[in-house]
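See structure below.
What follows draws every value from the coordinates through simple rules; no lab data is involved. Everything numeric here is computed off the predicted structure, so don't read it as measured data. Note that each Cβ is placed from the backbone with ideal geometry, even for glycine, and that neighbours are counted across all protein chains shown.
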Amino acid sequence: MERLQKFIASSGYTSRRKAEELILNNHVTVNGNLINELGFKVSEKDIVAIDGKTIVKNNEKVYYILNKPRQVISSVSDNEKRKTVIDLIETDKRIYPVGRLDYDTTGLIILTNDGNFANLLMHPKNKVYKTYIAKIDGILNENDFQKLRKGIVIENRKLIIDHFKVKNIDKIKNTSLVEVTIHEGRNHIIKKLFENLGYDVKKLSRIKVANITLNNLKSGEYRQMSNNEVKDLINYLNKKS
Ligand code: URA
């Protein structure tokens, strides 16, 4: 059993708040009876209708890959009314981002309405590899390389760096681009990693999650994952767990 407004929202018909308005304004019937209270509960067997039209629950799962721009927040809503990753995707499904990228981080983020898939991707035991490109205000030295190879203790826990590579050095501006692959999901972890080495991250972008890349997606663009891509990723994650 679930609350009527939740049932309507999860059908993809509208948001939960709008569903509440519809109920309170006498638009909703359950098995032919007008219901205008929010506590009312329904089951899958009940016939829910809005203005006489029966709601069919659409349980179809969807999976999107978004190239997140800067100044977009990785959550479903924001108290400060900042743009969210959800605002960038046209869908009637109640999707949410899998994990987070900082407000000023760009790049690959996956969004879905499939909770099992999201859990598989986020579970630490699955060690999902994530690759970032960081622009830092300095040039790494041999001492830094050694630390990166050994792993770096951040907030009392060792961060293992699976792979790193200096992609570019600008000696005049004293900056470099470093590619880093890790399998952790701690907040601000890449910024903390470089902070630990004494560098500031000027720009950060995620370019890969597991076997998924952005391909040709420009900033702000998104695409739906194909069935095969989803299947491959789920198989890959299931093999690990
Ligand atoms: N690490 C960070 O510091 N920021 C991100 O957005 C992702 C990883």
Using label points projected 7 Å from each Cα along Cα→Cβ, tell me how many nm separate residue 77 and residue 119, to one decimal.
2.5 nm
The Cα extents of the stretch 2-54 along the principal axes, largest first and rounded to whole Å, are 22, 21, 21
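Where the only charges are on Cβ atoms (+1 Lys, Arg; -1 Asp, Glu), what is the dipole of the chain about its Cα centre, to the nearest 20 debye? List each step's numbers first, then the result.
Details: 43 positive and 29 negative charges, 161 e Å.
Once rounded to the nearest 20, the dipole reads 780 debye.
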Given a Förster distance of 22 Å, report the FRET efficiency between residue 24 and residue 56 from their Cβ-Cβ distance, rounded to the nearest 0.05.
0.45
Quick one: the Cα spread of the chain along its three principal axes, in angstroms, biggest first?
74, 39, 37
At what distance in nm do the modelled label points of residue 173 and residue 41 sit from each other, each positioned 7 Å from its Cα along Cα→Cβ?
5.9 nm
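Taking 0.36 nm per residue of separation and subtracting the Cα-Cα distance, what length does fully extending residue 90 through residue 160 add? Don't jump to the answer; show the numbers that get you there.
Details: separation 70, 0.36 × 70 = 25.20 nm, distance 3.71 nm.
Computed gain between residue 90 and residue 160 is 21.5 nm.
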Given springs between every Cα pair under 10 Å in a Gaussian network model of the chain, which of 132, 222, 103 has the largest fluctuation?
103
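I'd like to compare 189-196, 225-232, 123-130: which one has the highest average count of other Cβ atoms within 10 Å, and what's the full order after that?
Numbers: 189-196: 18.5, 225-232: 13.1, 123-130: 15.5.
In descending order of packing, they fall as 189-196, 123-130, 225-232.
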